[in-house]
Amino acid sequence: MTTAVPPLTPAEKTRMRLIEGLEKAKDGARALPLAEVVAHNLTHLWEHGGRRGKTEAGFQPPWIRVRPEFMFRPSDDPRGPALPRLVKPRGLQLRLALLLLFDAQCRHAPGNPVRNERKVSPHADDQYTSWRQLVLAPAPAENSTRGAGDLRARQITEAFLALEQQNLLAIKHAASGRRRTYDDLELLSDASTPEESPSYTVPATGVPISPYLFTNLWLFALTDTELATFLVLSRLRGHYPYRHATEGIYLPDKDRETVYRLTRATWRSTDTLHRYGLIDRVKDPRRSFTTGKVGNFGTRWAKGEVMPVHYKINDDGLRQPALATIRRVLTAPTDADRARREGRELIVGLEDM
């Protein structure tokens, strides 16, 4: 007997509209689906370095490394890290910031400076695909008077301007000194230090992010809040690898607010990351297995008996195609998907270690 799929919540309906927009997007009236084109281009970039026609293996970094300062600053630093300043309800600034790092690390070895080789829009004689061909954005509204490619190019240039304001990018000017040349960019350190603003070099160490976040299009299917939460969880994993492997990692509210500068609403994205299979909750015997709630919370917290929810990053989840996975979870969930939604999935418990 098939169990009926529960009706979508307003938030789920909004997410499905995003997924449908990404699925329908094309770069021209007769072009292939944009999602297919972008996935192919990002995979080629990771495998071969991105130069057109290149077939020999590139660097193929097993992890994309993000400097910790991008998401982590001491609580007495008034400016805070760049990450929370890039979390916006609209715009590509956070996605472009990460995509720039992916591009740089697929083309250059650690320690080397980086040169931008891409133009915003494609030209016939380009050696590298354009930024427009590496970015997936929803199809424009049917009543839009501008083409999909032009709209995406405008989104990209607006994102570049936002990154320049955060000391992550330098946009040069034409000889006249007035017009910006978005095809002539200098990538600055992802540490985002306005006092120094050094040029970007590929780091040998840093917060590890799976390349599948990019090649399977999770970068574009997740919201800014979900991406920010995933990055912070990745930083905690990198900083506490043994704890992540054994008991899971957690983030106290005080550190979330003062060190990472994330709002409580942003951190609630752990719920959707868990539903999509990108992170797992670690079972806590002090919490209800069904509801996740803690009985007599105040007394038990005072005694040090209650800890925040612990998580483990599930790298295998990123190996799944993002658009198809989210569509399945929301509209045709498997038994495992239903269990995750209802909080009754078989999650890793300490007794299973």
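The values are calculated or read from the model by the stated rules, or taken from the named source; none is laboratory data. All figures in this text were calculated on a predicted structure; none of them were measured in a lab. All Cβ positions, glycine included, derive from the backbone under ideal geometry; neighbour counts span all protein chains shown. Just the protein is used for accessible areas: all its heavy atoms, side chains included, with ligands, DNA and RNA removed. Shrake-Rupley method; radii C 1.70, N 1.55, O 1.52, S 1.80 Å.
Tell me whether the stretch 237-249 contains one or more residues that are among the aromatic types (F, W, Y) and within 20 Å of the chain's Cα centre (by Cα).
Taking the stretch 237-249 first, the residues among the aromatic types (F, W, Y) are 240, 242.
Retained after the next criterion (residues that are within 20 Å of the chain's Cα centre (by Cα)): none.
Taking every residue of the stretch 237-249 in turn, none turns out to be among the aromatic types (F, W, Y) and within 20 Å of the chain's Cα centre (by Cα).
In this structure, is A339 modelled with pLDDT of 90 or more and either among the hydrophobic types (A, V, I, L, M, F, W, C) or not in a strand (DSSP E or B) (or both)?
Working: modelled with pLDDT of 90 or more: no; either among the hydrophobic types (A, V, I, L, M, F, W, C) or not in a strand (DSSP E or B) (or both): yes.
Spelling it out, it is not the case that A339 is modelled with pLDDT of 90 or more and either among the hydrophobic types (A, V, I, L, M, F, W, C) or not in a strand (DSSP E or B) (or both).
Could you check the stretch 62-79 and list, in sequence order, the residues that are crowded, with 18+ Cβ neighbours inside 10 Å and either hydroxyl-bearing (S, T, Y) or assigned to a loop (DSSP other than H, G, I, E, B) (or both)?
R67, M71, F72, R73
Looking at the stretch 88-106, which of its residues are in contact with a helix residue (DSSP H, G or I) (Cβ under 8 Å, 6 or more places away or on another chain), open to solvent by 30 Å² or more (accessible area, probe 1.4 Å) and at negative phi?
Of everything in the stretch 88-106, those that are in contact with a helix residue (DSSP H, G or I) (Cβ under 8 Å, 6 or more places away or on another chain), open to solvent by 30 Å² or more (accessible area, probe 1.4 Å) and at negative phi turn out to be K88, P89.
With respect to E36, is the statement that it is charged (D, E, K, R), over 19 Å from the mean Cα position of the chain (by Cα) and at negative phi true?
On the way: charged (D, E, K, R): yes; over 19 Å from the mean Cα position of the chain (by Cα): no; at negative phi: yes.
Taking the combined requirement at face value, the residue does not satisfy it.
Please determine, by comparing only the residues of the stretch 250-277 that are under 19 Å from the mean Cα position of the chain (by Cα) and of a type in the set (A, V, I, L, M), which one is most open to solvent (accessible area, probe 1.4 Å).
So, considering only residues that are under 19 Å from the mean Cα position of the chain (by Cα) and of a type in the set (A, V, I, L, M), the one most open to solvent (accessible area, probe 1.4 Å) is A265.
Among the candidates H123, H40, which residue alone is open to solvent by 20 Å² or more (accessible area, probe 1.4 Å), in a helix (DSSP H, G or I) and either free of Cβ contacts under 8 Å to residues at least 24 places away in the same chain or basic (K, R) (or both)?
Working: H123 fails: in a helix (DSSP H, G or I).
On inspection, the qualifying residue turns out to be H40.
What are the pairs with Cβ atoms under 8 angstrom where one residue, in the stretch 272-294, is farther than 24 Å from P10 by Cα and the other, located anywhere, is among the acidic types (D, E) and modelled with pLDDT under 95? Sequence gap at least six, or different chains.
Every condition considered, the pairs that remain are V282/E247; R286/E305.
Tell me the residue from E12, E69 that is under 17 Å from A228 (Cα atoms), touching a residue at least 40 places away in the same chain (Cβ under 8 Å) and acidic (D, E), please. Give the derivation first.
On the way: E12 fails: under 17 Å from A228 (Cα atoms).
Being under 17 Å from A228 (Cα atoms), touching a residue at least 40 places away in the same chain (Cβ under 8 Å) and acidic (D, E) holds for just one of E12, E69, which is E69.
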